[in-house]
Each structure stands twice: as structure tokens, then as C-alpha cells.
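Comments concern the structure below.
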Amino acid sequence: MSKVVSPAQIAASLTELWSPRIIGEVDDAYVKVARVKGTLAWHSHRDEDELFLVLKGHLRIEMEGNTVELDAGEMFVVPKGVRHNPVAENECHLLLIERKSTRHTGDVVTGKTRSLADQLR
């Protein structure tokens, strides 16, 4: 049985930056929230799209040849295979929808990379 959750409240309660938390599942996808500031890393997801929805703040998603700017209430889907780098100049809260197979920073591993186990805690 599902339970009612507040993505905005959960994102605001997170203490670590760039450390997504899984808050739900829809078929073969996870619904995640994250609190972010600064830069994550240039990476791609070869076989998965990635949906970003800004709950609070402003997010810039840099991509090779294109950049999008998102404010609260706006969303963007990074298509599979597209190298991208999320950047938040100030604190930003996000809701993400990704396939369960999606690795946090694709094939790139940095100090900010979180495993699936980390995201489930």
C-alpha cells in the first residue's frame, strides 16, 4: 500500500547535497528527491532518460551544445545518451524520475556519486 508523502518536505529535510533519496516507485522507475548546490559532474545515462522537476530554487542543466534554466515548478527531461551537468548556484530542491537501472552519475564516479543503497536509506 502506498503512503502519502511530501516531496518538498523530504527534500528540505535532507542534510547532504547531491545525495538523492528514493521516495517512491512507479513501474520500473524510482521517484527521488535531492537537495543540491554547486555542480554535480558531467555525465550521461546511455540507456535512460532523466526527468528533473525543480521544487524550490533554480537549476541550470548544461549539455553539450545547449543549456536549460529551470525555476520552481518547471521540469525538463534529459534524453538518454546526452552528456549533462546539473548546476545550482544557490540551494535547489529537486524531484527526479529515473529508471531503476539508472546509475547516479552514469559511468563517471566522483566523491558525489551515490550508490542505489545510499539512495534507498
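Read-outs: derived from the displayed coordinates by stated rules, not from any lab. Please read these numbers as outputs of a predicted model, since none were measured by experiment. Cβ: placed from backbone, ideal geometry, glycine included. Neighbour counts: every protein chain shown.
Data for the structure
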{"quantity": "Sole exception among (1) farther than 22 Å from SER2 by Cβ; (2) outside any loop (DSSP other than H, G, I, E, B); (3) among the basic types (Lys, Arg) for LYS80, by number", "calculated": "(2)"}
{"quantity": "Residue count for segment 20-42, restricted to those that are within 15 Å of ASN85 (Cα to Cα), crowded, with 17+ Cβ neighbours inside 10 Å and touching an Asp or Glu at 6+ places or on another chain (Cβ under 7 Å)", "calculated": "0"}
{"quantity": "Residues located in segment 8-53, provided they are in a strand (DSSP E or B) and either among the hydrophobic types (A, V, I, L, M, F, W, C) or touching a Phe, Trp or Tyr at 6+ places or on another chain (Cβ under 7 Å) (or both)", "calculated": "ILE22, ILE23, VAL26, ALA29, VAL31, VAL33, ALA34, VAL36, LEU51, PHE52, LEU53"}
{"quantity": "Pairs with Cβ under 7 Å, 6+ apart, first in segment 1-30 and more than 17 Å from VAL54 (Cβ to Cβ), second hydroxyl-bearing (Ser, Thr, Tyr)", "calculated": "ILE22/TYR30"}
{"quantity": "Residue in segment 56-66 that is over 24 Å from VAL109 (Cβ atoms), crowded, with 19+ Cβ neighbours inside 10 Å and either of a type in the set (Phe, Trp, Tyr) or touching a residue at least 40 places away in the same chain (Cβ under 8 Å) (or both) present", "calculated": "no"}
